[in-house]
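Take a look at the structure below.
Rule-based calculations on the coordinates, nothing more; no lab input. Every value quoted in this text rests on a predicted model; they were computed, and no experiment measured them. Here the Cβ positions follow ideal geometry from the backbone for every residue, glycine too, while neighbour counts run over all protein chains shown.
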2 protein chains.
Amino acid sequence: MSELATALTAALGGRWSHVRDSLRAQDPALFAPPAGEPTTEEYRAHTTAQLALLAEQPYARDGVLPSQGGTGDLGANVTAFEMLGHGDLSLWVKAGVHFGLYGGAVTNLGLPRHQRWVDAMLDLSVPGCFAMTETGHGSNVQQLGTTATYDAATDELVVHTPSVTARKDYIGNAARDARMAAVFAQLVTDEGEHGVHCVLVPIRDARGRVRRGVTIGDDGPKAGLRGVDNGRLTFDHVRVPRENLLGRYGDLDDRGRYTSPIDNPNRRFFTMLGTLVRGRISVAAGAGAATRSALAIATRYAEHRRQFGAPGSEREVAVLDYRVHQRKLLPAVATSYALAFAQNELVELMHEVQTSTTPVPEQQQRELEARAAAIKVASTSHATAAIQTAREACGGAGYLSVNRLVDLKADTDVFTTFEGDNTVLLQLVGKGLLTEFGEGFQELGTLGRLRFGAGVVTEALLERTSTKSLVRRLIAAAPSRDTDAAGGSGLGRGRQLELFADRERHLLEGVARRLQRALRADDQFAVFNDAQDHLVAAARAHVDRVVLEAFAAGVEACTDPAARALLGTVCDLYALSTIEANRGWYLEHERLTPVHSKQVVAAVNVLCGQLRPHARDLVDGFGIPDAWLGTELLEPLEETVDREPTADPAAVA
Amino acid sequence: MSELATALTAALGGRWSHVRDSLRAQDPALFAPPAGEPTTEEYRAHTTAQLALLAEQPYARDGVLPSQGGTGDLGANVTAFEMLGHGDLSLWVKAGVHFGLYGGAVTNLGLPRHQRWVDAMLDLSVPGCFAMTETGHGSNVQQLGTTATYDAATDELVVHTPSVTARKDYIGNAARDARMAAVFAQLVTDEGEHGVHCVLVPIRDARGRVRRGVTIGDDGPKAGLRGVDNGRLTFDHVRVPRENLLGRYGDLDDRGRYTSPIDNPNRRFFTMLGTLVRGRISVAAGAGAATRSALAIATRYAEHRRQFGAPGSEREVAVLDYRVHQRKLLPAVATSYALAFAQNELVELMHEVQTSTTPVPEQQQRELEARAAAIKVASTSHATAAIQTAREACGGAGYLSVNRLVDLKADTDVFTTFEGDNTVLLQLVGKGLLTEFGEGFQELGTLGRLRFGAGVVTEALLERTSTKSLVRRLIAAAPSRDTDAAGGSGLGRGRQLELFADRERHLLEGVARRLQRALRADDQFAVFNDAQDHLVAAARAHVDRVVLEAFAAGVEACTDPAARALLGTVCDLYALSTIEANRGWYLEHERLTPVHSKQVVAAVNVLCGQLRPHARDLVDGFGIPDAWLGTELLEPLEETVDREPTADPAAVA
């Protein structure tokens, strides 16, 4: 690896780069898929065995606070999980389900009385699953159908599935391995309904037999993630001790009386969900790693794959020398760099918030959740698009399983869906941005929060977008036009940041104006629905801005001069290709003139050309050991005839 | 099915709708994938058995001219193959490889002496494969490395693989079943090299044993198409009789002297390839069918899947009522309609050209090839995007194999690669458009053809784009502004057609100007490369135009008033969502004002809203029997608890 690539790896490493190194030093076979063509059962067994080996490593303990028996190095935990995303994603999901989702529920929603389940989670003696989603309720978790009803006669909770749509579905670890389920259900007592809470329900005994009243189905084959046993859980009046309620945000005393530290049921629900934010951050992490693997493979291949000759040349041209091929891969590589910096920033924020020894202001917790949703959307939608591009860029070779790209695609395909459907999350992000600025106004219910003037939004947003002193400084320092900047576009970093913030601000103002009408309208749904695509567009603009700001900060923080210069060009490419993709908006709103817009398109080409000689450094900079990439595409074939085994060794004349 | 849907099916049926009906009436099990979780060998055996049943049907014979023992109903053949695209795509590819590619080589490149191989192809007594692609030569077929050298001593051809990059690769039917390979190789005689020709090489004997000198490898698992045995062929000085040369465009007499009806080797090569155009047309057909299957599934699901409640309503909202969901699915449905009409037009053109009893002008043959490339690109790139969208629109349910979307995605993923990589094909289309207009000028070599004035290009193109009297009439009749037209965009059909043609024309002129510089440049490759993205953009604009024109003609030809009105709105949505996607270009080139551009965006929303009540009719109109869709997502779950078998029936307390 070149010095430059090494410096890039260091820049991408972030605060927990030592954790990354410790993973890189491990035997990649520990995290590899099974060899050959395993049956589903063989694949699942392989993944389960790998999970047991992983449980012996220190990483899971980093995800638990010292008060619950861990080290509390939460950032290390998520970083290790990110690195696992370069390995087999079945193991990655299986580990995420048990340690992350199930473990997250027990540690974040549980009380000291649940410590033994924390211990049994860490040593994997009781494998768990996270039973939230139902067949009929995916995104709308607040309306789950499963009930947990308190029975005073026996001091138990009765967990029940009232209809097929309330059946728990797609539950990882449920079809084969889990003994305990963290079941999200409507808590019902004599006093009434208390909303969604989480209850521990044993679903198998120590010998793996399904417990009475529990029906377990198998979701069967999926696009990918073959090693993960997704299943369906149906409960027929299953009784568990009252103490199994993970009662941190709402508990029952020994007479069945409900108490909660949070009075407002809506706020209580979202607070509970908010504590589970690490799942979303981890999905973003894994998506980022998988995408970098795919882009490393496709870029390496494009450097040695040759096709068609240039006039007057004997040798064919490396496909990465073609502009259309550069345009496929290099902006995607630039986006992966941008997201890696944004991810590191997010993980640091999460670490600070969740390990704080003093109470964290609700505002900060909400910012963390909003940022996690934003980066999860950005990272997983980039994964879907970029891995597809990588497959296509490798042609027929890309379609063979042996070259890994198709497994990366199939395994990550559901990332845009699980841990929050991306379209729903974007609306969450958008709404969060709106309500945030309405906070100073009277609470008038969900829609009422939007009753504020557009001028105020602008001011509040301006203040927010400039919270980072770096961004403020870069914008302030931006000359109105710097002709040579960023591939001749004239858009230096400051102007790029301004254009991104401007798009977000303008879109949000537009949505706010539209939604204000909802207050006066007879059909509030119609008004909301009419603004829905605007809301999503505003959220996308927000995501783009926070990612660019993180990348800009990452460039500034890089101390190696050569790496810093190269990162600057990569950041330019991310910024300009994003502006190019949205140039319809910039032109419609007269932020770019037609002439300037064409210059942006031309500048993306120039930047691709500038980065072409560094393509290998850029993907080496991802810091993925070759053996982890698991493909035959990294080096050119030697020009000798190979002798493969014949399909039938009894060859005849 | 509603009357309206029935009328839509009739409109989409085209000239060979009776063939579609005959396929619809068949048992879908004949074309279904194997049940359960078959091993690769079991899947391949299943597909092979299905192929044998298919060989008993009349469709393959329709693909062969009467002079070679067929019926010569080529359009019926391709239409039947299109309908097969609603079934398991492994069978579809396997049939396409044997009857279409291998059969196409034998029938189109062979001579009367090869009739027995035509017969053995039709009755499947000799399964064949099409060995063109090599590991090192995918797109650049002219530079294949395999050689076929004439040995005068024995009057044989010696077929040889000189290096690993010349190994035949990804060859369907090769790894398990084929007995004969149509091998494309450089023909060499004492007189010298004659370029790429096709030779029949037996690779297995009647008992399935691999023949001496032939080495067969297995490409192993792929993303999808598990029933297709893709393999690698290496030849070690394999001898075949001279007569095995498929010599229609270049033959050897009994003294090994080369003769060809076409003197120019370049023209000979492209003429040979041109006769194989039906393969590309068939891929477009299958991609269209698979995409319609996916969109039918996702749209049916979105009609009954409910999530989140509207204010003041008890029941949750059907997800297709949300604007962002409409925007995902309905423009994709509109594009599928557009492509179906374009496909029908293409198949008719192919049928006329290939069944003509009088010699076809070269210009017409080249137009057919260009059109086939254009529609292949449009149909397969739409498949990749729309099937992905359909999967995501069905959330977790979409990720389960039982619901079919992931298999449709995995199986079709390679369609953008095989039968011509889409990016390469777009350049072919673009170059074809340019050289076509240079035809009147002196031949100055490939680049020389571009030496003409931009004014002439414009004129020639205008003439071309208005060849269809319908299009000319619609454009002439277009009022400069019709405020109510197309969702309030003011863009009626005539203006839409004009905007599409204008974009193509302007982009082509720009490319022509840029390439003219290449004639004066020292580094011609650099100039070409610098214009490559423009060339691709021009080709995309061309594809968009021909598709819109076909759709407009389809609307005009529809005789059912209600269906015609609805198709008109669908065509508006296709046109406006395409303009919306390219509005950056229209704004940059001041074809749309900022205000008008925003109206186009708003109009897409309006049109989605207008089509929402007809969504079910539109996908029913695709005419795919429910059983062929092979999914559980068509109807809502009944609201009762189901009792699935437990994973372990020995449930314990």
### Query
Rounded to the nearest 500 deg cm²/dmol, what is the calculated helix-only ellipticity per residue at 222 nm for chain A, with -39500 (n - 2.57) per DSSP H run of length n ≥ 4?
-17000 deg cm²/dmol
### Query
Counting only other chains, what is the mean number of Cβ atoms within 10 angstrom of the Cβ of each residue in peptide A:422-434?
1
### Message
With the alpha-carbon atoms as the only input, what is the per residue convex hull volume for region A:11-123 in Å³?
### Response
100 Å³
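What does the convex hull of the alpha-carbon atoms of chain A project to on average, in nm²? Before the final figure, lay out each step's value.
Details: hull surface 137.9 nm².
The Cα convex hull of chain A, projected and averaged over all directions, gives 34.5 nm².
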### Task
Every other copy gets compared here: list the nm distances from the A:Val402 label point (7 Å along Cα to Cβ) to its counterparts, shortest first, one decimal.
3.5
### Message
For region B:239-279 and region A:276-309, what is the centre-to-centre distance using only Cα atoms, to the nearest Å?
### Response
44 Å
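Pull out a ≥ b ≥ c, the square roots of the eigenvalues of the alpha-carbon gyration tensor of region B:232-293, then state rounded if a/c is under 1.5, prolate if not and a/b is larger than b/c, and oblate in the remaining case.
Values: a/c = 3.65, a/b = 1.80, b/c = 2.03.
Oblate, since a/c reaches 1.5 and b/c is not below a/b.
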### Message
Relative contact order for region B:337-430: what percent, with Cα pairs under 8 Å and sequence separation of 6 or more?
### Response
29 percent
### Task
Would you tally the net charge around A:Ala526, using a Cβ to Cβ cut-off of less than 15 Å, leaving A:Ala526 out, and scoring K and R as +1, D and E as -1?
0
#### Entry: For A:His304, label point 7 Å along C-beta direction: distances to other copies, nm
5.3
#### Entry: Flagged links, alpha-carbon separation over 32 Å, of A:Lys376/B:Lys168; A:Lys222/B:Lys598; A:Lys222/B:Lys328; A:Lys94/B:Lys168; A:Lys598/B:Lys431; A:Lys598/B:Lys376
A:Lys376/B:Lys168; A:Lys222/B:Lys598; A:Lys94/B:Lys168
### Message
Let me check I've understood the local charge: for A:Thr146, count other residues with C-beta under 14 angstrom from its C-beta, Lys and Arg +1, Asp and Glu -1. What total comes out?
### Response
-1
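Based on DSSP H assignment, which helices of chain A show an axial Cα extent of at least 27 Å together with a mean Kyte-Doolittle hydropathy greater than or equal to -0.5?
Answer set is A:277-304, A:323-354, A:524-557, A:561-581.
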#### Entry: Label geometry 7 Å along the beta-carbon vector: B:Arg116 inter-copy distances in nm
8.2
#### Entry: Relative contact order, percent, region A:11-123 [alpha-carbon distance under 8 Å, six or more residues apart]
26 percent
### Message
Restricting to Cα pairs below 8 Å that are 6+ residues apart, what does the relative contact order work out to for chain B? Please round to a whole percent.
### Response
15 percent
### Task
For the protein assembly as shown, just run the numbers: alpha carbon Rg, then divide by 2.2 N^0.38 Å, N being how many residues it has.
0.93
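If we sort B:498-505, A:68-75 on the protection proxy, mean other Cβ atoms within 10 Å, highest first, what's the order? The partial results should precede the final answer.
Working: B:498-505: 21.6, A:68-75: 19.5.
The densest-packed peptide leads the list: B:498-505, A:68-75.
Report the net charge of residues surrounding B:Gly279, where surrounding means a beta-carbon distance below 11 angstrom and charges are Lys +1, Arg +1, Asp -1, Glu -1.
+2
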